[in-house]
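Written out below as structure tokens is the structure these notes cover.
The values are calculated or read from the model by the stated rules, or taken from the named source; none is laboratory data. Model, not experiment: these values are computed from the prediction. Cβ atoms come from the backbone with ideal geometry, glycine included; neighbour counts cover every protein chain shown.
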Amino acid sequence: MANVQRSTLSLRGLSLFDRSALLTMIGLLLLAALLLWRGDRVGVPVAQLSPADGAGGVSTRATLRITFAQDMATSASPELSISPPVSGAIRWEGRTLVFQPAVPLAPDTAYTATLPAGLSSQGGRQVLRPVTWQFRTGRPRVVYLAWDASRRNQLFVISMDGGQPTQLTRSPDDVLDYGISPDGQTIAYSSSRPDGGTDLWAIGVDGRNRRQLLDCTGGACNNPLWSPDGWRILYERRNFTSPGGPPGSPRLWWLDLRLGETAAVFQDSQWLGLQARFSPDGRWLSYVSPQSQEVQAFNLETGRSLLIESQTGEAATWSSDNQALVVSQIQFIGESFATHLFRIDLATNEITDLSGSDTVINDGAPAWSPDGRWIAFGRKIPSVPMGRQLWLIRPDGSEATQLTSDYEVHHGPASWSPDSRTLLFQHYLLAEPGAGPGIWVLDVETKEMRQLAAPGLLPAWLP
């Protein structure tokens, strides 16, 4: 009893300030306990979903991302359920769980994605409820370059159904080249300047939010290429060698879109490169060395590098599973020379001549189908007055199939639709003087061809 009385007397003896401080401390402890209790009941919150819940017109090349509000225990690799089913691989990028589809999503399709409960944060909290969201992919459209009423090259977009194209850019100078973001919402492009240089710009696929990405005063920046995660753009930079002179040799540079910073890709900033291409998973980068015309590839994670003979100056094309690439290479057959396609297996370094070792033909501009089953390419017989024709071949070199046979037409590099059914290409009539290029599509099963737009050049699929 005496002990209790002494305690009571000591509390009564506290000053008003001490009592307030003590009560505040007790209140903070109770609040912390409440927050801890509620946090355990709420679990780990989701900060962002990509594509967003309810989004429409989503790119068929989209990568699914779930970003959490806390650092997660990334040793776990949960299954992401997608309906309709989509095969792919899961990886962690910091707090973000990434699902990379093995093939593009189907166009004009509603998808539902569900992440089951159970993931844990590094602090021990769990994702208590399944994370479910929905989105819908867009209908295929085509982006291309054509000239406006002032004879300036501009970006246009047209539906696969045809009809009137929509002009996206109204630049006072020529648009020279472009690249589409992985989410299909933004187009980066290079635009010329009066001094002979070029700057990098961006515009939404709806023609809005035009903005400058990079002022390249003192040189020219061209061929913007988005990284698969959409956070960076790789581009070719040529600096002026003298005031008023032409741009010099190309070098590869990064542009970080989050920070607005730009830097050389290689430690040696004088290292030359052009025609860069990413593997679908973003781990490999291939490019052409302008001095030797060889194709070089290196792994951005491990530093492993490959040197592939080519001498044609054409870019490599990657398989959808990231395990192989195809390049064109000059071959000498007797007293003649030809251009063949070669597949290089990254795991075994095995090289396969897809064109046939004793065939005198010129093959080039390969394009691997998204489903991995075919490679489209252009073929021309040397010393014969004919335009390049479109062909198909299996990745092992079998079942070579001719798709076009109009030898008065030069068929430009082809690109595959997301569903691997249609080829998009530039069509140029050689026999007609002054003819302009047009944009055409070809159904690989029926071989039916039709024109989408004229004039037009450098077509690409959107989304």
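Worth pointing out:
- One residue stands out in the range 405-415 among those that are part of a loop (DSSP other than H, G, I, E, B) and under 29 Å from the mean Cα position of the chain (by Cα): the one that is surrounded by the most Cβ atoms within 10 Å (Cβ to Cβ), namely ALA414.
- Taking the range 240-269 as the range and being among the β-branched types (Val, Ile, Thr) and not in a loop (DSSP other than H, G, I, E, B) as the test, only THR262 passes.
- Within the range 255-268, the set of residues being out of contact with any Ser or Thr (no Cβ under 8 Å at 6 or more places or on another chain) and either closer than 16 Å to ASP199 by Cα or not assigned by TED's automatic domain parsing to the domain that holds ASN239 (or both) comprises LEU257, GLY260, GLU261, THR262, ALA263.
Residue-by-condition table, conditions (1) surrounded by 15 or more Cβ atoms within 10 Å (Cβ to Cβ); (2) within 20 Å of TRP461 (Cα to Cα):
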{"position": "ASP345", "(1), (2)": "no, no"}
{"position": "THR348", "(1), (2)": "no, no"}
{"position": "LEU354", "(1), (2)": "yes, no"}
{"position": "VAL360", "(1), (2)": "yes, no"}
{"position": "ALA367", "(1), (2)": "yes, yes"}
{"position": "GLY372", "(1), (2)": "yes, yes"}
{"position": "ALA376", "(1), (2)": "yes, yes"}
{"position": "PRO382", "(1), (2)": "no, no"}
{"position": "TRP391", "(1), (2)": "yes, yes"}
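- The condition (being of a type in the set (Asp, Glu) and within 26 Å of SER305 (Cα to Cα)) is satisfied by just one residue among ASP406, ASP363: ASP363.
- Residue count for the range 416-447, restricted to those that are surrounded by fewer than 19 Cβ atoms within 10 Å (Cβ to Cβ), assigned to a loop (DSSP other than H, G, I, E, B) and touching a strand residue (DSSP E or B) at 6+ places or on another chain (Cβ under 7 Å): 3
- Looking across the range 152-190 at every residue that is of a type in the set (Phe, Trp, Tyr) and more than 18 Å from ALA454 (Cα to Cα), the one that is surrounded by the fewest Cβ atoms within 10 Å (Cβ to Cβ) is identified as TYR178.
- Residue satisfying all of: in the range 261-276; among the small types (Gly, Ala, Ser) and more than 16 Å from SER227 (Cα to Cα); surrounded by the most Cβ atoms within 10 Å (Cβ to Cβ) among these: GLY273
- Residues of the range 277-287 that turn out to be within 18 Å of LEU307 (Cβ to Cβ) and surrounded by 19 or more Cβ atoms within 10 Å (Cβ to Cβ), as a count: 5
- Residue in the range 191-200 that is part of a loop (DSSP other than H, G, I, E, B), crowded, with 21+ Cβ neighbours inside 10 Å and out of contact with any Phe, Trp or Tyr (no Cβ under 8 Å at 6 or more places or on another chain) present: no
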